[in-house]
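**Q** Before we start, here is the structure in question, set down as structure tokens.
The values are calculated or read from the model by the stated rules, or taken from the named source; none is laboratory data. Note that the structure is a prediction, hence the values are computed from the model and not measured. No Cβ is skipped: glycine too gets one built from the backbone with ideal geometry, and neighbour counts run over all protein chains shown. Areas reflect the complete protein model, heavy atoms only, side chains present, ligands, DNA and RNA absent. Shrake-Rupley method; radii C 1.70, N 1.55, O 1.52, S 1.80 Å.
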Amino acid sequence: MKHDLRPARLSPRDILRVGAVGLRARRARVVLSALGIAIGIATMVAVVGLSESSRADLMTRLDRLGTNLLTAEAGKDPLGREIKLPRNAVAMVERIGPVRHATATADVDARIRRSDVVPEERTAGVTAQAVRTDLLSALGGEVGRGVWLTPAGERLPTAVLGAVAADRLGITRTGETIMMNDTRVAVVGILRPIELVPNLDRVVMVGFPAAERYFGFDGHPTTVFERSTDASVQDVGAILARTISPGNEAGIKVSRPSDALAAKAAADEGLTSLMLGLGAVALLVGGVGVANTMVISVLERRQEIGLRRSLGATRGAIRLQFLTESLLLSALGGATGALLGAATTFGFARVQGWTAVVPPWSLAGGLAATLLIGVVAGLYPAIRASRLHPTVALNAT
């Protein structure tokens, strides 16, 4: 009776055990090789996680601040002359149907000093603007200390400072005074940073009536702010300049402050792509390290390979053993890198006050990349090991 002699097949569990033996025997080398993979994966996961966390925080801020704010600023006419917005520009804008809120600010010619003992030529690097009492609600700003201008206070020599202006003037509390030209002005409030209109952080703000009475202001606004319904922002923007200054609309600059934050998100995306490229390079270097480790392992273990071949192990079994070792080595580095990248994202996001976001696809993609690298890096060493003749391998020293 004839029996077909077939080589025994290793079960998946046995394959993993055989593959793990080679890694356990060379732990220091395995750790160093896996470290290269881990650095690459950690970089990629952290970059994606931090980018998504930053973007999520930006979207939250945009939702809170609103994307329906438009500004119209006075510029120059075709002849190069400065355009003055009409005094009733706000009232004209309010007549546009979808507009919910309109307000304005105006530049005021005043030198700002901390006190009257400071020479006039030594200003604090801040400017003055006349503002309406409804400005803060329109921009979504908040008072950090003190109070905002009231209908009574806007007629008096009182001012509210932007966050940067207060720092430059050395004002830390309300009730102190500053000099605007030769007029002593009381500080009644200090604002928190205004994200949508950051230039107001560097401004000393007084009421329109006080600016006209004490600083020779002519009453013409230089910037008009308006909020409309979200669906009508584009339509309002198309007619805003023509409404404010008929005939001189070419000299009116209409902008959307939230676009600056959106542009920042676009810039962050470019930086993310660059960092992902660097992570990919690190991952490639790690893959080369894995390939190098496996090639050296084959050279060092030729007698083991010859012994297994002489005991009946097929070429396919040898290939599978070394390919499994390469996959396990890469998977070890990938899993470690994914954990490090996620931990970095959560730690940095917590410091920044963001909600940490680690997309599942970044973890899955990172692990898939490591397995692919494991296959590519281990394929040549595995084929080389399987082609060793048992007699030559056993005689190797």
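**Q** What are the residues in region 316-358 that are hydroxyl-bearing (Ser, Thr, Tyr), open to solvent by less than 10 Å² (accessible area, probe 1.4 Å) and within 19 Å of Gly36 (Cβ to Cβ), if any? Don't jump to the end; show me each part of the working.
**A** Filtering region 316-358 for residues hydroxyl-bearing (Ser, Thr, Tyr) gives 324, 326, 330, 336, 344-345, 355.
Those left that are additionally open to solvent by less than 10 Å² (accessible area, probe 1.4 Å): 326, 330, 345.
Residues satisfying the conditions are Ser326, Ser330.
**Q** Can you report the number of residues in region 180-203 which are within 22 Å of Phe217 (Cα to Cα), open to solvent by 10 Å² or more (accessible area, probe 1.4 Å) and not in a loop (DSSP other than H, G, I, E, B)?
**A** So the count comes out to 7.
**Q** Mind counting the residues in region 97-126 that are surrounded by fewer than 18 Cβ atoms within 10 Å (Cβ to Cβ), modelled with pLDDT of 85 or more and under 28 Å from Ala241 (Cα atoms)?
**A** 5
**Q** Filter region 365-397 for residues that are in a loop (DSSP other than H, G, I, E, B) and surrounded by fewer than 17 Cβ atoms within 10 Å (Cβ to Cβ); which is modelled with the lowest pLDDT? Before the answer, list the steps.
**A** Restricting attention to region 365-397, the residues satisfying the condition of being in a loop (DSSP other than H, G, I, E, B) are 387-389, 395-397.
Restricting the remaining residues to those that are surrounded by fewer than 17 Cβ atoms within 10 Å (Cβ to Cβ) gives 387, 389, 395-397.
Working: Arg387: 72, His389: 67, Asn395: 62, Ala396: 55, Thr397: 52.
Ranking the qualifying residues of region 365-397, first place goes to Thr397.
**Q** Which fully enclosed strands (runs of 3 or more DSSP E) of region 29-136 have 1 or more residues being more than 30 Å from Val233 (Cβ to Cβ)?
**A** Working: elements: 69-74, 99-108, 127-131.
Strands (runs of 3 or more DSSP E) meeting the threshold: 127-131.
**Q** Search region 204-219 for residues being open to solvent by 10 Å² or more (accessible area, probe 1.4 Å) and touching a helix residue (DSSP H, G or I) at 6+ places or on another chain (Cβ under 9 Å), and hand back the single one that is nearest to Ile112 (Cα to Cα). Spell out how you get there, then give the answer.
**A** First pass over region 204-219, keeping only residues open to solvent by 10 Å² or more (accessible area, probe 1.4 Å): 208-209, 212-218.
Okay, now just the ones that are also touching a helix residue (DSSP H, G or I) at 6+ places or on another chain (Cβ under 9 Å), so 208-209, 213, 217-218.
Values: Phe208: 17, Pro209: 19, Arg213: 17, Phe217: 15, Asp218: 19 Å.
Going through the qualifying residues, I end up with Phe217.
**Q** With the structure loaded, tell me whether Leu196 is more than 16 Å from Asn88 (Cβ to Cβ) and modelled with pLDDT under 90 or whether it fails that test.
**A** Working: more than 16 Å from Asn88 (Cβ to Cβ): yes; modelled with pLDDT under 90: yes.
Yes; evaluated as a whole, the condition is true for this residue.
**Q** From the residues in region 127-168 that are open to solvent by 50 Å² or more (accessible area, probe 1.4 Å) and among the charged types (D, E, K, R), which one is farthest from the chain's Cα centre (by Cα)?
**A** Selected residue: Arg155.
**Q** Also, quick follow-up: Within region 214-239, track down each residue that is of a type in the set (A, V, I, L, M) and at pLDDT 80 or above.
**A** Val224, Val236, Ala238, Ile239
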